[in-house]
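> Pasting a structure below so you can have a look.
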Amino acid sequence: MDLIDDDLPGPDGPGNAHDFTVSELSGAVKRVIEGEFGRVRVRGEVGRVMIARTGHMYFDLKDDRAVISAVSWKGQVARMVVRPEEGMEVIATGRMTTFGPQSKYQLQVENVEPAGAGALMAMLEARRKALAGEGLFDVSRKRPIPFLPQVIGVITSPTGAVIRDILHRLADRFPRRVIVWPVAVQGERCPRDVVRAIEGFNAIRPGGPVPRPDVLIVARGGGSIEDLWGFNDEAVVRAAAASDIPLISAVGHETDTTLIDHAADLRAPTPTAAAELAVPVRADLLAHVATLGARLHRAGTGGTQTRAQRLRDLSRALPRPEALLATPTQRYDRAADRFAGSLRALAQRKTLELNKAAAGLRPGVLRDRAERRAEALVRAGVRLTPALQQGLVRKSERLTGPRLIERAGAALIQQLARRREKLEALDRMRRSLGYPETLARGYAVLRDSDGTPLTTAAAARKETQFTVELRDGTLEAVPVTAPPRPRKKAPEPGPGQGSLF
């Protein structure tokens, strides 16, 4: 296609060359490039990668000598199995086009695939090492799976065979309540859906309307490394490592390994094996319980029989009860025989002692003893009266003596002086802290018609009249609203410089 004629302008004026507009020339170049190349496959290393807010992806493809700008629209990005990352060697499929506003050509990429499995595995290994360096794969942080969970949360596709295999295996082993969180298990939506499912299950509060799972299972059937690539996403790995609920990873078949397997608390080779690891076999548990019950019954019966036999053996070594009681019975009989005679002799002795005591208690003897006690009491009273009188006289002299009166007067004067000083100090404090002293320093107190102090300007404006108390008296006042201040006039421009307006 000839865009410019061979005739060049002569020295006297323009020749036969056509004058293109910028848009015409840009369109002509676009048609040439798109018509010449069409759909192409380009192999190169991914440079910078930028995803706009609209969802479009812009990145560079380069080798050791050149760089080509590439763009993928939002719908194309959503269909990509593997997203390009900086430093990744890929084969991009698309068509060449131009971007007229910036006078540049670019590759509109429809699909990106790694340049061989080696490149994809190298990128996967680099990501695994980086996450392992952060401690996300440490064995110390993995938690044990509950022996018999009440609720199991399953994160998988609701339409695939995986969920049917899991439910069937759980029903065979030990039926449990299952909550399924539907997700996309491959493609661009897979990482985002899996992260939301893990975080959503962890956000369920215990005791709420939706039961909180005791264990989570992330499951997907087998596939190629590209199909399972969503489970190698960094966001998925971090969500699995941060889950508070123990998590079982069952992605792919036994030979398939993804990064979520390293971050999970337990890896299952298949989704069916994950169901087997989540719950025990109910029949085995019943059989084990029956075995334990039989063992307990045998142990109890044997222990009882052994102790009964031992008791019988020990009882043979004991003497007969008649032999044990023979000697005590004889002692009892002898003591009983002696008891009657001893009781009669004791009664006789006590009777004699009582008679002797009664003989000394004749009426004349008692009267003489009482008279002697009365005379002794009278004599003691005669001696006690003068002594009491003398003691009272001495106490009275001490109380009415001049020294005691002087000491009492001095103590009273000192106490009154101390009370007077304390009273004066309190009065000085009252005068210094009271509001009259504050009025003396130039302040005033506003009171309403009831005598209540007004403490704010708003309260004063509500009153039609109030009292102002000063140091030497009170004044009657009414609130006045100040007029608005007049606005200052702008200064007129001087003669040296005029106004720009």
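> I'd like the orientation of helix 117-133 relative to the chain: the angle between its Cα long axis and the longest Cα principal axis, in ° from 0 to 90, rounded to 10.
So the helix axis and the longest Cα principal axis differ by about 20 degrees.
> Let me ask you something else. Between ALA283 and ILE145, take the C-beta separation as r, use R0 = 22 Å, and let me know the FRET efficiency to the nearest 0.05.
0.60
> Further, regarding this structure: Considering the chain, what Rg and Dmax in Å follow from its alpha-carbon atoms?
57.3, 188
> Something else about it: Please rank THR306, THR98, fewest neighbouring Cβ atoms within 10 Å first, as an exposure proxy.
Ascending Cβ contact count within 10 Å gives the list THR306, THR98.
> Enumerate the lysines that LYS142 could reach by cross-link, defined here as Cα to Cα under 22 Å, with residues fewer than 8 away along the same chain left out.
Candidates past the 8-residue exclusion: LYS129.
> Under the definition of Cα pairs under 8 Å and six or more residues apart, what whole-number percent is the relative contact order of region 239-384?
About 11 percent, as a whole number.
> To make sure I understand the rule: partners must be lysines, Cα under 28 Å from the Cα of LYS74, and not fewer than 8 residues away in the same chain. Which ones qualify?
Result set, ordered by chain and number: LYS30, LYS62, LYS104.
> Taking the chain as the reference, fit the longest principal axis to its C-alpha atoms, fit the long axis of helix 321-359 to the helix C-alpha atoms, and give the angle between the two in degrees, 0 to 90, nearest 10.
Once rounded, one gets 40 degrees.
> Can you compute the helix-only [θ] at 222 nm over the chain? Use -39500 (n - 2.57) per DSSP H run of at least 4 residues, normalise by all residues, nearest 500 deg cm²/dmol.
Helix contribution divided over all residues of the chain: -16500 deg cm²/dmol.
> Then there's this: Roughly what angle does helix 363-399 make with the longest principal axis of the chain, taking Cα atoms, 0 to 90 degrees, to the nearest 10?
With rounding to tens, the tilt is 60 degrees.
> Would you mind computing, in nm to one decimal, how far apart the modelled labels at ALA115 and ARG31 are, each placed 7 Å from Cα along Cα→Cβ?
According to this spin-label approximation, the distance is 3.6 nm.
> Whole number please: convex hull volume per residue of the Cα set in region 22-115, in Å³?
103
> Right, next: If I take R0 = 45 Å and measure r between the Cβ atoms of ASP450 and GLU421 in this structure, what FRET efficiency does the formula 1/(1 + (r/R0)^6) give, to the nearest 0.05?
For R0 = 45 Å, the calculated efficiency reads 0.70.
> Now, a different point. So for region 22-115, averaging the separation of alpha carbon pairs under 8 Å that are six or more residues apart and normalising by length, what relative contact order in percent results?
31
> Please figure out what share of the DSSP beta bridges in the chain is antiparallel and state it in percent, rounded to the nearest 5.
DSSP beta bridges in the chain are roughly 65 percent antiparallel.
> When only Cα pairs under 8 Å and 6 or more residues apart are kept, what is the percent relative contact order across the chain?
8
> At a 10 Å Cβ-Cβ cut-off, how would you order GLU125, GLU113, fewest neighbours first?
Placing the least packed residue first, the sequence is GLU125, GLU113.
> Here's another thing I want to ask about it. Evaluate E = 1/(1 + (r/R0)^6) for TYR443 and ILE413, where r is the Cβ-Cβ distance and R0 equals 51 Å; express this FRET efficiency to the nearest 0.05.
0.75
> Follow-up question, since we're still on this one. Rounded to whole Å, give me the distance from the Cα center of region 67-102 to that of region 381-451.
104
> Starting from the 7 Å offset along Cα-to-Cβ, what nm value, one decimal, do you get for the label separation of SER23 and SER342?
My value for the distance between the label points is 14.4 nm.
> Amide H of VAL109: which non-local residues (sequence gap of 5 or more, or other chain) have their own amide H closer than 5 Å, using H built in the peptide plane?
VAL71, SER72
> For SER103 and VAL210, calculate 0.36 nm times their separation in residues minus their Cα-Cα distance, and state this gained length in nm to one decimal.
Additional length available on full extension: 32.7 nm.
> Oh, and also: Working out 0.36 nm times the residue gap between ARG372 and SER315, then minus their Cα-Cα distance, what length gain in nm do you get to one decimal?
Computed gain between ARG372 and SER315 is 12.7 nm.
> Here's another thing I want to ask about it. Taking neighbour Cβ counts within 10 Å as the exposure measure, how do PHE20, PHE174 sort from fewest upward?
Starting with the residue having the fewest Cβ neighbours, the order is PHE20, PHE174.
> Please get the size of the charge dipole for region 135-270, origin at its Cα centre, with Cβ charges of +1 on Lys and Arg and -1 on Asp and Glu, quoted in debye to the nearest 20.
Computed charge dipole of region 135-270: roughly 600 debye.
> What distance in nm separates the simple spin-label points at ASP244 and GLU85, each placed 7 Å from Cα in the Cβ direction?
3.0
> What is the antiparallel percent of DSSP beta bridges lying wholly in region 22-115, to the nearest 5?
95
> What percent antiparallel are the DSSP beta bridges of region 79-224, to the nearest 5?
So the antiparallel bridges amount to about 50 percent of the total.
Values in this text are rule-based calculations from the coordinates and carry no lab data. Quick caveat, the model's predicted, so the values are computed rather than measured. Glycine also receives a Cβ, built like all others from the backbone with ideal geometry; neighbour counts cover every protein chain displayed.
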